[in-house]
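Below is one structure, written out as structure tokens, with a few remarks after it.
Only the coordinates and a few stated rules stand behind these numbers; no lab work does. Since the structure is predicted, the reported quantities are computational estimates derived from the model, not experimental observations. In this analysis, Cβ positions are derived from the backbone assuming ideal geometry, glycine residues included, and neighbour counts consider all displayed protein chains.
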Amino acid sequence: MKKTLLVVVLVFNFVTTVAQVEVKLNPFGLLFGSPDLSGEYFVAPRFGTELTLSAEMGKYTTLSSDNFNPRKSGFGVMASGKYYFNPSEDKPCSGFYAGVYIRMKDFKVTDSNNDFDAFNRSIIGTGFLLGQKWVSSNGMMYELVGGLGRTLSEKNEFINNQGTVDTDDTKLGIDGILRFSIGYRF
């Protein structure tokens, strides 16, 4: 525990001494009920670390009818490290990059009409990222990133109208990310 605390303190001190930070928002996440807010810290001109917080809300599917209206609620957290292959000298951590991520999502789906079983879903996944970041001279930035990996832990619980919980052992095993972000570099 002491070693872990020491590593966290050292990393925090190192990261906070870096001059540039980006704050980003995924506008398309709002359309699909999964908005996220990210902050990226520039550890070096070619290396950045990112923390993303997301909310799961709204419709769970695009299909709905009078008797079927599933709604989701929950949250997610993702940490990633990115290596930029050829950043410009005046704009560190920009251009094409590759990275790794680990993330956790936990959400619940319910139906106001109670016509189907509600369910809880928890996922922990890890994988690889590829992306491109464009930075303007005024500090605005745009980023497109995709990633693919696997789930390390996947838990699905179905809850019927009587409150009985049934755990489903069906696991997809694949984790994917696709995100377009708009942000500002400080």
The FRET efficiency for MET57 and PHE180, from their Cβ-Cβ distance with R0 = 25 Å and rounded to 0.05, is 0.85
Let's test the formula: R0 of 25 Å, r as the Cβ-Cβ distance of PHE158 and VAL23. What FRET efficiency results, to the nearest 0.05? 0.10
Where labels lie 7 Å past Cα in the beta-carbon direction, separation of TRP134 and VAL165 in nm: 4.8
